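Structure first, commentary second.
Derivation of every value follows stated rules applied to the coordinates shown; laboratory data play no part. As the structure is a computational prediction, the values presented were derived from the model and not from experiment. Virtual Cβ from ideal backbone geometry, glycine too; neighbours counted across all protein chains shown.
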Amino acid sequence: MSDCDFLAGTLDHFTEELKEIARRDAIPVNGIFELTARCNFDCRMCYVHLTPDEIRKQGRELTNAEWLAIAEKARERGMLELTLTGGEIFVRRDFRELYTELKQMGFLINLMSNGYLVDERVMEWLAEDPPYAMRFTLYGASNETYRAVTGIPDGFDRVSHAIDLVKEADIPFYLMGLIIKENNADLLKMYEFAREKKVYFRHSIALVPPVRGAKQDAAAHRVDFTKFPKEAFKDLPKAERIYRHHPRQLLDCAHYRRGFVVTWNGKMQLCSFLSDPAEDVRELGFDRAWEKLLSDLEQLPEPEKCGTCRYEGFCRRCPGVLAAESGSTGRVTDSYCRQAEFVYGIYHNE
Amino acid sequence: MKVKSGFILRKIGSKYMAVPVGERTRDVHGMVALNETGAFIWQLLEEDRTGEEVIEKILEEYDVDRETAAGALARFKAKLAEEGVLGE
């Protein structure tokens, strides 16, 4: 490389090399701070949302001072990209102060939000001190659909306006849509909406069951793609496999040995979905928690039957999702296997 | 000459980068990727120095001739100026 290159930090040679070095040397370059489990929405399928009462039963949110102390240690250890998420980050009254301090520390900061609370007042300071990137989750293409999914009557109008404000401020921005039965009919309209706004949008139907005390019934709202007629996929190009083969499922995890989440109550995990192992950062300190997490992950069980499964090349086998679904990374539910079988079938005309 | 304020020089593993902070993120999206030489020059330019001072420092640190050192500095300055991060 030349002595100096200006990079946006994705899909470039430098960043790819950094990721390889990070995995090799166990450097936690990617951190996620889950600032709160509170949210101004009440989505039917949320994996993490807790009421204030439920939060009090489990502990307390970390203070800004605690988050900054963790960030300082994480920076010393090599954290570069920091994602702030929830719940909803803007429900924290002290979010602006925390964000402003974190912005001075030398991180590439991503903000994840539902967008509802992003208004002119927020944009006044956010535009002056912009994040590296911002993402809103889109829940529908109308207020009616937003109410059906989130319980909020004017969600779509508010979020649409928030998108305009973010784009006006020239903040790098994209949309993600989580599709369930209640907004499934809006999918094409959501893509059309994103086109009109000139923002990147992608959707997912991958719902994760609730974790860490959340009570929403994801399964009741999940779009079951195994019920789709296989005829609908007849023109799909055939493939021998759609997921790479890995001797261990953890090797396919972007966070393995180079990323972590710290939950709203101070537990360090591999990701938001995998609640065990979880190390208490306040008790152990960042370094010891990171080292213990790395060691714990080497002991994670994997489902034995996956090793000889016919559908292995069509099964994601994310350890976090397996654990959220079955209670353990070493177990896989029948419904999970049926999904892999279905995907295998549509790629093999069976 | 010096680089504009509002960057933090970091080393992660064997990789160097200058990350914009605060309001500098309005001008520079992402980060400035540096190799070891680039990080060395960047650090020098965090203080106001003349070109001759920087060349002398490069010659002290690296086993290169004056022409090579001057060329490296010229290319570095040009890149910073192109991206608007070279101060007066």
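Close amide H partners of A:Leu138, meaning residues 5 or more places away or on another chain with modelled amide H under 5 Å apart, are A:Met176, A:Gly177, A:Leu178. From the alpha carbon centroid of region A:86-102 to that of region A:220-290 is 25 Å.
Of the residues A:Cys309, A:Gly213, A:Trp125, the one whose Cα sits farthest toward the positive end of the charge dipole of the protein assembly as shown, with +1 on the Cβ of Lys and Arg and -1 on the Cβ of Asp and Glu, is A:Cys309.
Rounded to the nearest 20 debye, the dipole magnitude of chain B is 500 debye, with +1 charges on Lys and Arg beta carbons, -1 on Asp and Glu beta carbons, and the Cα centre as origin. The three principal axes of the C-alpha atoms in region A:134-272 carry coordinate ranges of 48, 47, 34 Å, sorted with the longest axis first.
Counting each DSSP H run of 4 or more residues in chain A as -39500 (n - 2.57), what helix-only mean residue ellipticity at 222 nm follows after dividing by all residues, to the nearest 500 deg cm²/dmol? Spell out each step's value before the answer.
Working: 13 runs with 124 residues, N = 350.
Estimated from H runs of four or more residues: -10000 deg cm²/dmol.
Restriction of the trypsin sites (Lys or Arg not before Pro) in region A:125-229 to DSSP coil positions whose beta-carbon has at most 13 other beta-carbons within 10 angstrom yields A:Lys198, A:Lys215.
Trypsin sites (Lys or Arg not before Pro) within region A:279-344: which are DSSP loop residues with at most 11 other Cβ atoms inside 10 Å?
Filter output for region A:279-344: A:Arg310.
Positive contributions from Lys and Arg (+1) and negative ones from Asp and Glu (-1), summed over other residues with Cβ under 11 Å from the Cβ of A:Met112, come out at -1. For the protein assembly as shown, the Cβ-based charge dipole about the Cα centre amounts to some 1640 debye (Lys, Arg positive; Asp, Glu negative; other atoms uncharged). For region B:58-67, 3J(HN,Hα) computed residue by residue from phi via the Karplus equation (6.51, -1.76, 1.60; θ = phi - 60°) reads 4, 5, 5, 8, 10, 8, 9, 8, 4, 5 Hz, glycine and proline entered as x.
What shape does chain A take by its C-alpha gyration tensor, where a ≥ b ≥ c are the square roots of the eigenvalues and a/c under 1.5 counts as rounded, a/b above b/c as prolate, and the rest as oblate?
Details: a/c = 1.40, a/b = 1.11, b/c = 1.26.
Verdict is rounded for chain A.
Projecting the Cα atoms of B:Gln43, B:Val28, B:Tyr16 onto the charge dipole of region B:7-82, computed from C-beta unit charges around the Cα centre, puts B:Val28 farthest toward the positive end.
Annotation for region A:49-84: trypsin sites (Lys or Arg not before Pro) lying in DSSP loop with at most 11 further Cβ atoms inside 10 Å of their Cβ are A:Arg60. Computed over neighbours whose Cβ is under 11 Å from that of A:Tyr146, the net charge equals -3, Lys and Arg +1, Asp and Glu -1.
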